[in-house]
Structures are given as C-alpha cells and as structure tokens.
Amino acid sequence: MNCPIDFVSINENKARLTAFFVLVLSVVYLVTGFWLIIAFLLFDFALRSFNLGKYSVLGFLSDAIIKQLKIKNKPVDRAPKRFAAMVGLGFTVAILISIFFDQTIIAVSLATVLSLFALLEAFFAFCAGCHVYSIGKTIANKF
C-alpha cells in the first residue's frame, strides 16, 4: 500500500486517541442531530489538515490524556494522518452541506462512514485515508 510520506514523525497514540474523540463526537451527532458538532469537527479537521494541529482542541485533549496516563510515544509518519484529516474535512463539509439542504439521509450516511473510519483508526490502527490514497494513486496512474 502506498501512503503519502513527509518524513515528519508524530505520535501514533495521539492520532488514535484523537480518532477516538472524532468517533465519540460523530456518534453524539448521529444520536442528537446537533449540527454544531459537525461544524466543530470541520474546524478541527481543517487545523490538522493544514499543519496547524498544534491548535486542535482534540489534539490538546489527546496530549493531556497521554501525559496524564504516561502513554509512550509511538512515532509514525505524519503525512498519512494528515491525509486522513483531509478526508475527514471533506466528509464534514459534505455533511454540513447535506444538513443545510435538509438531506438528512445523506448527512447520517456520511456521518456513519466518518464514525466507521474513526473507529477503525482508534481501535485497530487501520488508516482508511491510506487506503483511499492508494486507490486514488492507482487510478491516477492508469491515466
């Protein structure tokens, strides 16, 4: 599998904990329908997508928990996680557009997929963004 790389390391445990918070927030959205949760996620994904993760609220929360629980650093390349954040950004934009146009089924479907991706990352270290990237790269190379 081809993942994007940029040779900058981040803590995989932090990325997985952040994915857990995305999972929790997206499930809360699915239960409540409170659209501001998706708006918050959009903002947080945007920060992480554009290398401003040091300002991410979910990143702050993950750092605090890692420090409190003394969870060890597990270095991993930043680029796949950043690409996954871009995918999350795209999903949250699409969810908000669906909400705006009162397309509840589409919004719920997209939020469910977002929840699934976050669950896979948080609990199984399965980066759906890497697979999306690999598929896209394979398709692009055919043209």
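Derivation of every value follows stated rules applied to the coordinates shown; laboratory data play no part. Since this is a predicted model, take the numbers as computed values, not measurements. Cβ atoms come from the backbone with ideal geometry, glycine included; neighbour counts cover every protein chain shown.
Overview of values
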{"read-out": "Candidates L41, L110, L69: whichever shows maximal mean-square fluctuation once the chain is modelled as a Gaussian network with Cα springs under 10 Å", "value": "L69"}
{"read-out": "GNM flexibility winner over the chain from K81, K70, K54 (Cα, springs under 10 Å)", "value": "K70"}
{"read-out": "The range 26-93 pair-distance distribution - Cα-Cα, 10 Å bins, rounded %", "value": "20, 44, 31, 5"}
{"read-out": "Residue-averaged 222 nm ellipticity for the chain, from DSSP H runs of 4+ at -39500 (n - 2.57), nearest 500", "value": "-25500 deg cm²/dmol"}
{"read-out": "Using a Förster distance of 30 Å, the FRET efficiency for L69-F7 (Cβ separation, nearest 0.05)", "value": "0.60"}
{"read-out": "Order of Y133, Y29 - criterion: other Cβ atoms within 10 Å of each residue's Cβ, fewest first", "value": "Y133, Y29"}
{"read-out": "Around L47: net Lys/Arg minus Asp/Glu count, Cβ-Cβ under 12 Å", "value": "+2"}
{"read-out": "Cα centroid separation - the range 27-85 against the range 90-124, whole Å", "value": "16"}
{"read-out": "Most fluctuating residue given options F20, F60, F101, as computed from a GNM of the chain linking Cα atoms under 10 Å", "value": "F101"}
{"read-out": "Shape parameters for the chain, alpha-carbon atoms, Rg then Dmax in Å", "value": "15.1, 50"}
